[in-house]
Each structure stands twice: as C-alpha cells, then as structure tokens.
Amino acid sequence: MTWPMVFGVLSLMSFQLIDSAFIAQLGVLPLAAQGFTLPIGQLIIGVQVGLGIATTSVISIALGANQEKYSKQLGGLVLALGGVGTAVICLLLYLIRHPLLEMLGATADVMPIIDTYWIVWLLSSWVGAVLYFLYSVCRANGNTMLPGIMMVVTSILNLAFDPLFIFYFDMGIHGAAVATILAFGLGALYVVYRIAPKNYYSFDWKDLDLIKSIKSLFNIMMPAMTSQLMPPLAAMLSTKLLASFGTAAVAAWALGSRYEFFAIVAVLALTMSMPPMIGRYVGAKQADNIIKLVKVATAFIIISQLVIALITLAVSGGLSSLMTAEDNVEKILNMHLIIVPFSLAPLGVCILLVSVSNALGKPMRALLVSSLRLFLFFLPCLYAGAHFGGIQGLFYGAAIGNTLAGIFAWVAYQNTINKLQKMERLALHFHIQF
C-alpha cells in the first residue's frame, strides 16, 4: 500500500521544485513573491493533512465495524467540510493579505507582484486541497493506487502546462498558478469519475448525526492539525528573518526548501510504512522487534541522507545555476546546498521518531518533539547564526538546529521504548506468578 504513495509524494516534490525552477527564470522578484507564499501554503496544507488523518482513521474504523453506509456519509461530510472550510480560509487569507505580507517582511518592490498573484495562487491552493480530500477518502477505503498514480499524472500535467502558460502565453508567475489549477482540476474531475461508481462518499445525511460525526472528525483532526501547523508558523518566522537580507535571500531560501523536501522523500516513505508494523509489534508486546526496526530505519536514513548531502555538495554549483538564472540568488542558494543538506540526516531521524511515537500511542510525546524541534532548536539557532554570521551563519544555524533536534528526538525515543520494555517485563512477571 505504501509504494504507490511513495512515487506520488516523490512526484509532488518534483512538481514543487520544477514550479520554482520555471518561476526562477522570470527573475528575482517573481521568485521572491513565490517565496512569501511558502509559509502560507504550509498553513493550508496543515489543515488538509489534519483533516486527512482524521478521515483515514474515522472512515477505516467505520468500515472495520461493517458500517458501510456511515463510512460513505463520512466521506461526503469530509469532502463538504474540507471544500467549504478551505474556501473560507483562502478567502480570509486574501482579505488580510496586506498586513500578513507586511508582517512577513515583504518589500515595496515585490508587493505589486504578490498582490495580483495572491488570488490566483489561493485558488490553486483550494483546488489542490479538494483533490487532497478526494485522495484521503480513497486511502481510507484502502485504495492507494489511484491517488499515487494521479499524483504522478498531475505532476506531469503541471510540467507540461507550466512553460505553456508562464512563457508561451506570457502570463509570468500567474501562469504557474493557472497551470496548477488546470492540473489539479483535471485530476480532481478524474478521481471523482473513478470513485463515484464505488460509492466512497454520499451526501445523503438524513439519518446521520452531524454533530457527533463532526466531533469525531475534530477529535482526531485538532491534535494532528496542531502538529502540522507548527512548521508553517516557524516558516513565517524564518521568512521574516530572511527578508531582512533582501529578496534574493527569500528567493534562495524558497528554492533550497523545495530541494530539501525532495531530498527527504525516503524519510517520508518510512513514516508511512513503519507505523502499521510498529502497531502490530506493540499489540504483540514485542518491543525488541520495534527496537531492531527503528535501528535499521535510522541507519538507513543516516547513510542515505549523507550520500545525498555529498552528491549535493559535488553538484551544488551546477544545480544552483540550473535552478535560477539570477546571480545573486544563485550565490546564496549554492551556500544553502553546501551547508544544510548535511543536517538532513538528523532531521530525518527526528521526523521518523515523531511518526514512531504516534505509532507507540504517545501522540503528546510526538507533539512535544515536533514543537521543540522548531521552537527550541531550529529557530533559535537560525536567529543566532544570522546574528553572528550573517546569511552564511544563518545556514549554519539551520544545520545545527536540525542536528540538535535529531539528538533530542533519539533521547526521547529511548526514554519511551525503555518504559515500554519495563511494562512488558512487569506484565510477563505477573503472568508467570499468577
């Protein structure tokens, strides 16, 4: 079930990276304009993922209890709540765009571009959210093949549409958003066409307890969403700091962040595939197997991410020139690619262990690790690095913050697993005695 989604996630990462690469050819101001949308985009994605996790949980439980009609009603409820809720969020973000962008540090020269781009980009975000909720309903019903394939297809469509609308129709940065709207829109229409006969969703809610159903979704959604919303908050604070170094720094950070997402796709794959296995080991009281599994996964992450970092170091000059045509952006991006990727190994370990904590039934421990990663390690180190070393120090600060977060996550995991082993030994002791 995991591999289709792995290829899907990989294609989405490529999607975002290619989008940024095309926009980079337009100059530093359009790329900076896209950079200012990055933290807001993460905010919208945080809401999507929170509801998506709740969707998978609640619908799969209903199906497990043979409540097929209820599962279909929940599917319809998720699509309605997600579509309307995201539309309201996008509308609010449009209405408060000026104070929000000023808070992020947008300068007067980039504001006119963002002002016209904002509404088209928000529409593309809404279409993407609707498609994501359709994917969530599919996954909840055990269908990961269709979402995985469609993620690849929509990425290919976007790759084809981007140069067409950006350059051929001379729409500039607006063309990138239009390309996304068309790619995601066509994807959403096809998914609806494929799943409608399967009755994955229903809008017949006559006998549905709406309040109870919405509450069951929100009980799971809120903790998950809280965890997902912390990165965009940290991204907003990071963007504000980057803005103090100029629009070129914001543009380079946006490109570097896209590359980082692409580089850790193997880590994201593990966070999807390991929790079911860990859950089974927890149920069977086999903590030793959990330890072995996590050790193997951690070793894989450290080795693979160090290899990626070395490759990135070797090709950083050519890669940065390929990703942007602006000399000042290229120089800063090259600095990012040389320094930060070496910290993706401990960052990957931290991300994995947050997923493991959730699988061990310790969501608050996972939330704590996620919070401290950003607000105790990453952001303070980022600001300290910028203060003492300028833009280069900022990148070293990011790398140090990621490394400290990985170490802390490992210590927290060891504490959790030791307690689990102790509980197993006590249970075995009482079983033998009685």
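The values are calculated or read from the model by the stated rules, or taken from the named source; none is laboratory data. Everything numeric in this text was worked out from a predicted model, so none of it was measured. Here Cβ is always computed from backbone atoms with ideal geometry, including for glycine, and neighbour counts include all displayed protein chains.
Okay, residues lined up against (1) under 21 Å from THR55 (Cβ atoms); (2) touching a His at 6+ places or on another chain (Cβ under 9 Å); (3) not aromatic (Phe, Trp, Tyr); (4) not assigned by TED's automatic domain parsing to the domain that holds LEU81:
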{"position": "PRO163", "(1), (2), (3), (4)": "no, no, yes, no"}
{"position": "MET171", "(1), (2), (3), (4)": "no, no, yes, no"}
{"position": "VAL192", "(1), (2), (3), (4)": "yes, no, yes, no"}
{"position": "VAL250", "(1), (2), (3), (4)": "no, no, yes, yes"}
{"position": "ARG258", "(1), (2), (3), (4)": "no, no, yes, yes"}
Taking GLY105, is it closer than 19 Å to MET225 by Cβ and surrounded by fewer than 21 Cβ atoms within 10 Å (Cβ to Cβ)?
-> no
Pick from segment 209-253 the residues that are within 23 Å of the chain's Cα centre (by Cα) and hydroxyl-bearing (Ser, Thr, Tyr): which of them is surrounded by the fewest Cβ atoms within 10 Å (Cβ to Cβ)?
-> THR226
Is it true that SER155 is in contact with a Phe, Trp or Tyr (Cβ under 8 Å, 6 or more places away or on another chain), in contact (Cβ under 8 Å) with a residue 40 or more places away in the chain and assigned to a helix (DSSP H, G or I)?
-> yes
For segment 52-59, state whether one or more residues are surrounded by fewer than 23 Cβ atoms within 10 Å (Cβ to Cβ), modelled with pLDDT under 85 and small (Gly, Ala, Ser).
-> yes
Under the condition of being closer than 18 Å to ALA287 by Cβ and part of a helix (DSSP H, G or I), which residue from segment 344-365 is modelled with the lowest pLDDT?
-> ALA359
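Inspect segment 376-393 for any residue being touching a His at 6+ places or on another chain (Cβ under 9 Å) and assigned to a helix (DSSP H, G or I) and give the result as yes or no.
yes
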Is it the case that GLY148 is surrounded by fewer than 19 Cβ atoms within 10 Å (Cβ to Cβ) and modelled with pLDDT under 95?
-> no
Check off (1) within 26 Å of LEU51 (Cα to Cα); (2) modelled with pLDDT under 80; (3) in contact with a helix residue (DSSP H, G or I) (Cβ under 8 Å, 6 or more places away or on another chain) for LEU217 and give me the number that stays unchecked.
-> (2)
Some residue of segment 192-199 being among the aromatic types (Phe, Trp, Tyr) and in a helix (DSSP H, G or I) = yes
Which residue pairs have Cβ atoms closer than 9 Å, lie 6 or more positions apart in sequence or on different chains, and pair a first residue in segment 333-355 that is closer than 25 Å to THR271 by Cα with a second residue that is basic (Lys, Arg) and crowded, with 22+ Cβ neighbours inside 10 Å?
-> LEU347/ARG373; CYS350/ARG373; ILE351/ARG373; VAL354/ARG373
Among the candidates ILE303, ILE332, residue that is over 22 Å from GLY406 (Cα atoms), aliphatic (A, V, I, L, M), modelled with pLDDT of 95 or more and out of contact with any strand residue (DSSP E or B) (no Cβ under 6 Å at 6 or more places or on another chain) | ILE332
Condition broken by ASN66, with the remaining ones in (1) without any contact (Cβ under 8 Å) to a residue 12 or more places away in the chain; (2) among the polar types (S, T, N, Q); (3) part of a helix (DSSP H, G or I) satisfied | (3)
Among the candidates SER357, SER371, SER304, SER320, residue that is in the same structural domain as ASN418 (by TED's automatic domain parsing), farther than 15 Å from SER257 by Cα and buried (at least 20 other Cβ atoms within 10 Å of the Cβ) = SER357
Among the candidates PRO346, PRO363, PRO380, single out the residue that is surrounded by fewer than 21 Cβ atoms within 10 Å (Cβ to Cβ), closer than 23 Å to VAL294 by Cβ and not hydroxyl-bearing (Ser, Thr, Tyr).
-> PRO363
